[in-house]
Structure formats: C-alpha cells, structure tokens
C-alpha cells in the first residue's frame with residue numbers, strides 16, 4: 001500500500017480545503033488505477049473539523065501507525081510540501097523504516113486508456129499512473 005503524504009496545515013481554511021481536494025483527487029486516481037493508497041489528509045480532514053487540532057504534533061501518532069503498515073511513501077508535491085513539518089516528518093520516518101520515498105507531481109495520473117506499469121506501487125500490476133519522478137534539482141531517495 002502507498003502512503004500518500006501531502007501538505008495540509010495552513011492558516012487559511014481555503015488553502016486547507018484545496019489541499020484536501022488535491023489529495024483526494026490523487027488518491028482517487030490511484031485507486032481507479034488499482035493502486036492501494038492511504039491518504040492521511042483524505043482520512044482526517046473531516047474528522048479534524050470536529051474541534052481537533054490541525055498540527056502534526058497531534059496527528060503524528062495516527063499517521064505513524066498507518067505509515068508503518070504501508071510499503072512506501074509518495075509525496076504529493078503541492079505548494080508548501082517542502083515547508084510542511086508533517087510531510088518532512090513523514091519522509092524522515094519512512095527513511096528510518098527503510099521505506100522508499102518518491103515525489104509525485106499533482107495531476108501525474110494518466111487516463112485508464114494509457115496504462116503503464118508501476119512496479120513499485122503494486123508488484124508489477126498494470127496501472128494508469130506514470131512512474132513517480134523527482135522534480136528537477138530535488139533529491140531522489142536512494143532506497144528506490
């Protein structure tokens with residue numbers, strides 16, 4: 001299973017909502033392609049609306065439990081991912097656990113009519129997502 005990390009916390013509720021929707025779009029596309037995915041933002045956004053803190057300090061123990069069960073971490077590189085304390089902590093935890101970390105651009109999904117193999121995402125299953133790739137100038141995790 002893929003753990004889809006993405007930035008969330010922001011003082012502007014409209015930014016949080018946009019980040020939530022972007023994470024849901026990416027997770028939906030991955031699911032449509034047959035890739036098992038867990039998005040902590042898709043899971044916790046509605047729950048957090050019930051007077052729960054938004055900060056990583058609160059969500060860390062929950063996210064850690066899910067991350068430990070996942071095979072690898074994909075980071076959705078929305079604006080703010082580099083500055084996100086949660087995303088950076090998720091990437092570090094994945095590395096500590098020996099799990100691959102890859103960067104994916106928002107909207108990387110292709111159509112179902114253009115399948116490619118995403119071997120790291122599902123033991124060679126055909127899927128309709130391109131290989132995760134790094135942004136120019138960004139480090140690519142050596143555990144790949």
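When residue 89 is tested against (1) closer than 18 Å to residue 104 by Cβ; (2) outside any loop (DSSP other than H, G, I, E, B), only condition (1) is not met. Considering only residues that are farther than 22 Å from residue 86 by Cα and either touching a residue at least 12 places away in the same chain (Cβ under 8 Å) or touching a helix residue (DSSP H, G or I) at 6+ places or on another chain (Cβ under 9 Å) (or both), which ones fall in region 16-36? Once the filter is applied, which keeps residues that are farther than 22 Å from residue 86 by Cα and either touching a residue at least 12 places away in the same chain (Cβ under 8 Å) or touching a helix residue (DSSP H, G or I) at 6+ places or on another chain (Cβ under 9 Å) (or both), region 16-36 yields 29, 32, 33, 34, 35.
I want to confirm something. Restricting to region 93-102 and keeping residues that are part of a helix (DSSP H, G or I) and in contact with a strand residue (DSSP E or B) (Cβ under 9 Å, 6 or more places away or on another chain), which single residue is nearest to residue 26 (Cα to Cα)? If we take residues in region 93-102 being part of a helix (DSSP H, G or I) and in contact with a strand residue (DSSP E or B) (Cβ under 9 Å, 6 or more places away or on another chain), then 94 is nearest to residue 26 (Cα to Cα).
Taking the conditions exactly as written (part of a loop (DSSP other than H, G, I, E, B), farther than 16 Å from residue 6 by Cβ, more than 12 Å from the chain's Cα centre (by Cα) and modelled with pLDDT under 70), does residue 108 satisfy them or not?
Details: part of a loop (DSSP other than H, G, I, E, B): yes; farther than 16 Å from residue 6 by Cβ: no; more than 12 Å from the chain's Cα centre (by Cα): yes; modelled with pLDDT under 70: yes.
Spelling it out, it is not the case that residue 108 is part of a loop (DSSP other than H, G, I, E, B), farther than 16 Å from residue 6 by Cβ, more than 12 Å from the chain's Cα centre (by Cα) and modelled with pLDDT under 70.
The values are calculated or read from the model by the stated rules, or taken from the named source; none is laboratory data. Just so you know, these numbers come straight off a predicted model, no measurement behind them. Every residue, glycine among them, receives a Cβ derived from its backbone with ideal geometry; neighbour counts consider all protein chains shown.
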